[in-house]
Amino acid sequence: MPGGGADMWFVGDTIYTRSNDAGPGSQLHVLTLTGKQIAEYDGIYYGGIASRADQLWVHEWDDGAVLLTILDRTGRPAAQLRVPPTELDGAEIIPDSAGYLALRYGQLLALDHNLHVTRKIPILRCPPDPDDPTDS
């Protein structure tokens, strides 16, 4: 794996590892339990990865839009959601039992299964930003 494994997830009998390059990109490698590579996804930029039950959720920025790809136990895409640039810009999206959560500097956003914001929860920063009137 170029760049070495940076993160690892287990989904059933499938191992997923992410390796990072020198820039913002990374690669996702799909392996069997014996270490045989069965798939590779290049060019994951500015996003996050989380596992949930028998799926791996890959969140990235793609041409200014949020792209969420759900991979099954075999490493194949089971679903994909694309959302135009919104208030999710700069947010890290993770799966939740009711949909998704998005963490963005100063806010936690609850999202439905279509990535629409259903609730905003402010998060206080320590120390508060003196230039941001909403951060008190």
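Excluding LEU111 itself, what net charge comes from residues whose Cβ is under 13 Å from its Cβ, given Lys and Arg +1 and Asp and Glu -1?
Values: positive: ARG104, ARG119, LYS120; negative: GLU87, GLU92, ASP96, ASP112.
So the environment of LEU111 carries a net charge of -1.
On a full-extension model of 0.36 nm per residue, what is the gain between ARG119 and ASP21, subtracting their alpha-carbon distance, rounded to one decimal in nm?
Working: separation 98, 0.36 × 98 = 35.28 nm, distance 3.50 nm.
Separation in residues times 0.36 nm, less the Cα-Cα distance, equals 31.8 nm.
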> Amide H of ARG52: which non-local residues (sequence gap of 5 or more, or other chain) have their own amide H closer than 5 Å, using H built in the peptide plane?
Replying inline: TRP57
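Output the Kirkwood hydrodynamic radius of region 5-122, Cα pairs only, in Å rounded to one decimal. Walk me through the numbers before you get to the answer.
Details: mean 1/r = 0.0682 Å⁻¹.
It works out to 14.7 Å.
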> Size of the dipole of region 5-122 about the Cα centre, Lys and Arg at +1 and Asp and Glu at -1 on the beta carbon, nothing else charged, in debye to 20?
Replying inline: 260
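Bear in mind that the values in this text are calculations on the coordinates, not laboratory data. Computed from a predicted model, the values in this text were never measured in an experiment. In this analysis, Cβ positions are derived from the backbone assuming ideal geometry, glycine residues included, and neighbour counts consider all displayed protein chains.
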